[in-house]
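Every number here is computed from the coordinates shown, using simple stated rules; none is lab data. From a predicted model like this one, the values you see are computed outputs, not experimental measurements. Every residue, glycine among them, receives a Cβ derived from its backbone with ideal geometry; neighbour counts consider all protein chains shown.
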């Protein structure tokens, strides 16, 4: 993958994080599926970008962010399934 494509993918991931953060601050009723899905997708895109422009601290943070978002997504889906 080229460095430019990795940058574009990383910027898309950053945009998802910023969008999720903005959403969490302006919504009146949080949709946790949407919030965690945006965070998970953002983390995945940044992890892809970091495979080209590697930074250990950033990679560890993104992997942790992806696990936390995955946990939150499962929790949100289970919460929706309850009557």
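Looking at (1) surrounded by 13 or more Cβ atoms within 10 Å (Cβ to Cβ); (2) without any contact (Cβ under 8 Å) to a residue 12 or more places away in the chain, can you tell me which one residue 54 breaks?
So the condition that residue 54 fails would be (1).
Please enumerate the residues belonging to region 16-30 that are more than 18 Å from residue 59 (Cα to Cα) and in contact (Cβ under 8 Å) with a residue 12 or more places away in the chain.
19, 20, 23
So, in region 20-55, how many residues would count as being in contact with a helix residue (DSSP H, G or I) (Cβ under 8 Å, 6 or more places away or on another chain), in a helix (DSSP H, G or I) and farther than 16 Å from residue 72 by Cβ?
6
From the list 65, 77, which one is surrounded by fewer than 14 Cβ atoms within 10 Å (Cβ to Cβ) and touching a helix residue (DSSP H, G or I) at 6+ places or on another chain (Cβ under 7 Å)?
77
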